[in-house]
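Student: Sharing a structure, written as structure tokens. Questions coming.
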Amino acid sequence: MEKKDYTKEYKEHLNNLQNLNLKDFLNQFEHLNDYKEKKLFLNKFVCKEIKGVFIEDFFKLFYLDSQAKYILKKFNLTNLDNLKTLVYSYNTNSREFNGNIKELELKNKLLNKGYKEVEFLRYKENESKEKFKKRKEEIYKPLDNLKIKCVFDRDKIGILGSFTEKGGYEGKFKFDKERGFLFFIPKRHTKTGQLLISKFYYKEVE
């Protein structure tokens, strides 16, 4: 976990979890089957000794191996691999938790400015392809050709490769009825655009 991820909100979240002693905490964590179960475990239980590490010199250690070895030495433990997994899972959980906080803040800000929220549509359990396609048409088709300001995760190219970055852009929507896809077409473009594959917010403009 990086220091910037140990926010006031995340600290309060950890303080509200059920406390386990160090031995039980590490043993239960070690015997969980996969990362998903381990992440869920860390959102339900906490160990005050491990939590205390996150406000010490731990943050000066930037790599997973170094952070795991710090815990190993501090508590005289032996299973380094389990501690590496613990640190990795905490890193993931803290980023996701803080990401959700930022997303909620952005949502409230945009809704107050008159934007509408649209969830990215996914298959429902036992839903046929035909019903799914019809559902997408019902939600996306009314947006076709609307001139809008849209906030979404847009594809970017950087020095280290491609990535997505949330931003606000002006343009219009284009609905592909045959494939059931909704695209964002930037202003002053006629054909090139980006397929919307996550939640987005929009507001109509003149």
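Student: Just to confirm the number: angle between the C-alpha axis of helix 80-112 and the first principal axis of the chain, 0 to 90 degrees, nearest 10?
Tutor: Result, in degrees: 40.
Student: Applying 1/(1 + (r/R0)^6) with R0 = 35 Å to the Cβ-Cβ distance of K44 and K116, what FRET efficiency is obtained, to the nearest 0.05?
Tutor: For K44 and K116, the calculated efficiency is 0.50.
Student: So, one more: Under a point-charge model restricted to the Cβ atoms of Lys and Arg (+1) and Asp and Glu (-1), what is the dipole moment magnitude of the chain relative to its Cα centre, in debye to the nearest 20?
Tutor: 700 debye
Student: Percentage of Cα-Cα pair distances in the range 115-204 greater than 18 Å, rounded to whole percent?
Tutor: More than 18 Å apart: 45 percent of the Cα pairs in the range 115-204.
Student: Per the Kirkwood definition applied to all pairs of different Cα atoms, how many angstroms is the hydrodynamic radius of the chain?
Tutor: 20.3 Å
Student: So, by mean Cβ neighbours within 10 angstrom, what's the order for 121-132, 175-186, 23-34 with the highest one leading?
Tutor: Ranking, from highest mean packing down: 175-186, 23-34, 121-132.
Student: What residues have an amide H closer than 5 Å to that of C47, excluding those fewer than 5 places away on the same chain, when H is modeled at 1.01 Å from N in the peptide plane?
Tutor: Amide H neighbours of C47: L20.
Student: A further question follows. Scattering from the C-alpha atoms of the range 3-105 alone, worked out with Debye: what is log10 I(q)/I(0) at q = 0.10, 0.11, 0.24 1/Å?
Tutor: These q points yield log10 I(q)/I(0) values of -0.25, -0.31, -1.60.
Student: Further question: If one computes the Cα centroid of the range 71-135 and of the range 169-206, what distance in Å separates the two points?
Tutor: 24 Å
Student: Could you state the angle between the C-alpha long axis of helix 64-74 and the longest principal axis of the C-alpha atoms of the chain, as a value from 0 to 90 degrees rounded to the nearest 10?
Tutor: So the inclination is approximately 30 degrees.
Student: On to the next question. Work out the charge dipole of the range 63-149 with +1 on the Cβ of Lys and Arg and -1 on the Cβ of Asp and Glu about the Cα centre, then indicate which of G99, P142, Q67 is farthest towards its positive end.
Tutor: P142
Student: Check the straight Cα-Cα distances from K124 and name the lysines below 17 Å, setting aside those fewer than 8 residues away within the same chain.
Tutor: K133, K134, K136, K199
Student: What number comes out for the charge environment of I71, summing +1 per Lys or Arg and -1 per Asp or Glu over other residues with Cβ under 10 Å away?
Tutor: +3
Student: Check cross-link reach from K102 to the aspartates and glutamates: straight Cα distance under 13 Å, and skip same-chain residues fewer than eight apart.
Tutor: Candidates past the 8-residue exclusion: D5, E9.
Since every read-out is calculated from the coordinates, none of them should be taken as a lab result. Everything numeric in this text was worked out from a predicted model, so none of it was measured. Cβ atoms come from the backbone with ideal geometry, glycine included; neighbour counts cover every protein chain shown.
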